[in-house]
Amino acid sequence: MTATTTTPGAGADQDRSGTRRTRTALARATWSGRIFAVCCAALTLVLLALLVFPLGSMLVRELDTAAIRDVLGDDAFYEAARNTAILVVVPGVFAVAIGSFFAWVNERTDAKMGAVSTMLPLAPLVLPQIALSVGWIFLADSHSGVLNVFLRSVLRHVGIHLASGPFDVDSWYGMIFLYTIVLVPLVHIMVSAALRNLDPSLEEAARVSGAPVWRTLRTVSLPAIRPAIGASCFLVLLMGVAQYSVPRTIGVSARIDVLSTYLVRLFQSFPPKTGSAVFVGVLVLVVMAAAWLLERRLTRRQSHSTIGGRGQTPSLVRLGPLRWVVRVVMLGYLAVASLLPLVALLIVAFLPYWTAHPDFSAMTLANFRTYFADDGFRRALTDSAELGAVGATAGVLIAAVLVSFARLRGGRAVRGIDMVARAPGAISHIVLAVAFLIALGGAPFYWANTLRILILVYVVMNLPQAWVAADTAVDQIGQPLTEASAISGASSLRTMVRIHLPLMAGGLAAAWAMLFVVIVGDLNASSILAGPDTPVVGSVILSIFDNGTYSQLAALGSIIAVASGVIVSLVMLLTRRLQAAASQPRRSRARRNRPRSAQESR
Amino acid sequence: MSLGGPKTQANHPPPDGGTGSVDDPRGSRATRPAIDMRRISKRFQRVSGSTTVAIDEVSLSVAPGELVAVVGPSGCGKTTLLRCLAGLERPDEGEIHIDGKAVFDSARRKFTPPERREIGMMFQSYALWPHMTVAQNVGYPLRCRGVSGRQTAARVSAILATVGLAGLENEPPNRLSGGQQQRVALARSLVAEPSVVLFDEPLSNVDARVREELRLELVQIHTKLGFSGLYVTHDQEDAMEVCDRLVVLKGGRIEQIGTPAEVYRAPRTTYVAEFVGMVNRVGVSAAAYEGSSVLLTSDLGRLVAAEQPATDAADPATDTTTGAASGSADGELTALIRPEHVRLAAGQAPPEGAANSWPGTVAFSLFRGSWMQYLVRIGDVELSVLSADHSLRPGTAVVVSVAPEHVMVRSAR
């Protein structure tokens, strides 16, 4: 029986040709669907190989008992491990609390502030972490820090004379403060996404039932978004351990060694203690894997609690006069996390040298001129921009295609792809870079000192972040929107291209911007993999930090920060415009598919 | 209560799948069914690990041009049944044929994905893509089937005119009212002229007035286009007005199949009677045959029920009344009386010797437009009554009577 026979009025000839066309189109759809599936499976296998092969060859080639004994007998290792634990737990707790609070304030209360709310989690991400750290050195160095100089002059007026301080960034407090600043946006973004997905009527029902704001938050909102909070805790742990910019800059002068710096030192010592570095990497890997399993266990039971995606506007909680306090806190965060360090960088960048009492009449462009006159630096800048653009595009595309495929396919395939895509997240970035160098640097590849190896590491390293962003974006698309496409006769490839990707565009653009900034400002892979023929911004920064003047460092930091900011703003602006043209802010009328096991089987 | 006989027949049609076409309203007896589901089962795993049966060996066929409603309370498996038919859910066992083509066969491990089933479906949530215009939404199934751009535009305009949305082609769907969005969803499900269209509670998201309108339009469009369809709803009015036949589901099994009139007039079980329309239940303690009627000892006293004639439809599922009454003496029976079948007359006492007549008092009255609904108390029993007589006030003494042919005797469960 054909699709058209029941239609009165259609001519018989037209019917027949229409049917044939439908047949071939649908057959083609099946084939394109199959090819799509094969491609996705192949892509997943390639990603898996990019993990297994380098890590495997690293373990096989470098790990031996002598190296293990070396590490276990080294007091510096235990100190680094202890310091890392402190710097993950303390700032981690702060970051989860502050990030969740900011997310709730901006999603659910009248303290949110339009564009500022949108920028709040993004601005600190746009500023490369190395620029943030250096900026804070200029602000809070105990002798010459701009903030300290200013505060001391204020205090002198009230009769208090200080020779240094009151702040000192080269300290435990400074490190904890900067770690916290860096980690807050990660939590903020994840929790915000979860709150946006959470049907506001759940909270409204609690309010109507007589629960005050705090009780609603405690008994309804927080339990419902527990998976997101769990995931952000894991991310905080991961990024805390992997953190390299802050310990490499501030930790050095504060004499606080952490595992990431310890690892790089092992690797870069002469002769390189690669075996010991690999063993430390394996230990970190084991801890991460354990934490990951724990996180999955804790959040799986909750997997069905966030239903929604109806796109209703929640009724906002009125904070009253308190909302100004909250707003000042948020603006304060924005200032310390991006504005103040950026201003400090810019000030120092225009000075011939950095002192406690700068002579502003001597301001100069010399620091910038040296860079742009230097071929090596120009090369580093273009290389990094290219790596950032290619890496971010590849990472986001791979994540988007695989996430979409996994959703369309369902079942066991999903879990497999999900595992592979998230796995690099459990591996310390430095370990990953080392593994790639060992596996691909020598025979038979000889990729050491090439951009190829850098781009591979960047993509693999940042895939989990892109994956999480793409996964969140696809979550926002109601299940019926996907099902309606299948019913219409669309192959999975077509559904991805026509339905998923356009509706994910906003989330993907944000992920692209984030990846771009992270890659351009990366120090981890750069410190291991960038060679003399492949200078990147990260390696230039490190060499200037070690050998150059502060003013040169500031100029470089300013260039990266401004360039990143401009590119990210352009991307966000463009997607916002595209989205505004294509759709209304109300994402979909479609309710997400109800959890089948819980509802239909009753 | 012997559901066994008729149910087995309803659930296991002869291999040629003929049950559906036998009472096909359009009389195309020679054609094979448009939808033929045979012994479909679907189990779900609960989070705790235990399994529940959502659909239990359901067989159902729909004749070409026929619109069949699947009704039942939430959780009865009706949505799962529809999703299995659409290919959005994969049944564990059974066979599904659409237009004679097997799209699912557990024995041969055959499963055709939804995009290859050439069906239309209207979702409860509309599921309109917010990034596409109305025309792009509606034209999507055509583009998927390889229809050219120009032809698509023409057919989209035609179908939009049919559903009364001409001129809205370039609007984004979110700018439309709920009723209009519903119409776009309808147009999209029909535009490729599928022979089978599925409806998943399509009218549940709009207000009562729009729903009335859409219901009427749906009937007209169905008459005009003549597609076959399965219509899942929990709203009995939708089901009765729009569809040719009703399927009542209970716990994943078919409780009764028949035309709306049959199911209403001769519900096979108490469950069906209560789900389709309002009904009064009167407890029965004993029953005995006397000629062509059944004498019941009930909470109302002596109650006479005429044995109801089997319905003239050939569908065996509805022919069950005698089966219910014959299980008499165990006190597990109940008498069912529709409110509109209860007569009220002013007066103190019923005439001597009149059957099924009792003195009662009006306890409560509710104005329902052209009808009044009364709650009448007879001893300890309360009966709900629909009456055209608007004059009775609470406290009025009335004589209550029911014709024996309107007393239905069913298993109490």
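The values are calculated or read from the model by the stated rules, or taken from the named source; none is laboratory data. The structure displayed is predicted, hence computed values, not measured ones. All Cβ positions, glycine included, derive from the backbone under ideal geometry; neighbour counts span all protein chains shown.
Remarks
- Single residue of A:R422, A:R412 found to be of a type in the set (D, E, K, R), assigned by TED's automatic domain parsing to the domain that holds A:V396 and more than 21 Å from A:A231 (Cα to Cα): A:R412
- Looking only at residues in segment B:185-210 that are part of a helix (DSSP H, G or I) and farther than 24 Å from B:T80 by Cα, the one that is nearest to the other protein chains (Cβ to nearest Cβ) is B:V210.
- Helices (runs of 4 or more DSSP H) lying entirely in segment A:313-373 (those with 1 or more residues that are farther than 22 Å from A:V562 by Cα): A:322-334
- Test for A:I347: is it under 26 Å from A:Q476 (Cβ atoms) and modelled with pLDDT of 85 or more: no
- With respect to the conditions (1) more than 8 Å from every other protein chain (Cβ to nearest Cβ); (2) buried (at least 18 other Cβ atoms within 10 Å of the Cβ), B:G49 falls short on a single one, namely (2).
- Contact annotation: no residue pair with Cβ atoms under 6 Å, 6 or more positions apart or on different chains, pairs a residue in segment B:34-49 that is in the same structural domain as B:G100 (by TED's automatic domain parsing) with a partner that is of a type in the set (K, R) and part of a loop (DSSP other than H, G, I, E, B).
- When segment A:394-418 is filtered for residues that are out of contact with any helix residue (DSSP H, G or I) (no Cβ under 9 Å at 6 or more places or on another chain) and either surrounded by 22 or more Cβ atoms within 10 Å (Cβ to Cβ) or not small (G, A, S) (or both), only A:R412 remains.
- Segment A:480-495, subset in contact with a Ser or Thr (Cβ under 9 Å, 6 or more places away or on another chain) and surrounded by fewer than 24 Cβ atoms within 10 Å (Cβ to Cβ), residue farthest from the other protein chains (Cβ to nearest Cβ): A:L493
- Of everything in segment B:67-76 that is farther than 21 Å from B:E93 by Cβ and within 11 Å of chain A (Cβ to nearest Cβ), the residue that is modelled with the lowest pLDDT is B:S74.
- When residues in segment B:114-136 are screened for being closer than 16 Å to B:K101 by Cβ, within 7 Å of another protein chain (Cβ to nearest Cβ) and not in a strand (DSSP E or B), 4 of them pass.
- B:A135 vs. criteria aliphatic (A, V, I, L, M), under 23 Å from B:A192 (Cα atoms) and in contact (Cβ under 8 Å) with a residue 40 or more places away in the chain: no
- Test for A:A193: is it surrounded by 20 or more Cβ atoms within 10 Å (Cβ to Cβ), modelled with pLDDT under 80 and either not in a helix (DSSP H, G or I) or not charged (D, E, K, R) (or both): yes
- Scanning segment B:137-158 for residues that are aliphatic (A, V, I, L, M) and either closer than 20 Å to A:L481 by Cβ or away from chain A (no Cβ under 14 Å) (or both) yields B:V138, B:L142, B:A153, B:V156.
- Single match in B:L60, B:L88, B:L82 (criterion: more than 10 Å from chain A (Cβ to nearest Cβ) and either surrounded by 21 or more Cβ atoms within 10 Å (Cβ to Cβ) or in a loop (DSSP other than H, G, I, E, B) (or both)): B:L60
Yes or no, residue by residue, for (1) on the phi < 0 side of the Ramachandran plot; (2) among the β-branched types (V, I, T); (3) part of a helix (DSSP H, G or I):
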{"residue": "A:W136", "(1), (2), (3)": "yes, no, yes"}
{"residue": "A:S153", "(1), (2), (3)": "yes, no, yes"}
{"residue": "A:H161", "(1), (2), (3)": "yes, no, no"}
{"residue": "A:S164", "(1), (2), (3)": "yes, no, no"}
{"residue": "A:M175", "(1), (2), (3)": "yes, no, yes"}
{"residue": "A:R215", "(1), (2), (3)": "yes, no, yes"}
{"residue": "A:P227", "(1), (2), (3)": "yes, no, yes"}
{"residue": "A:V241", "(1), (2), (3)": "yes, yes, yes"}
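- A:T472 fulfils the conditions (1) of a type outside the set (F, W, Y); (2) under 29 Å from A:W292 (Cβ atoms); (3) within 14 Å of chain B (Cβ to nearest Cβ) except for a single criterion, (3).
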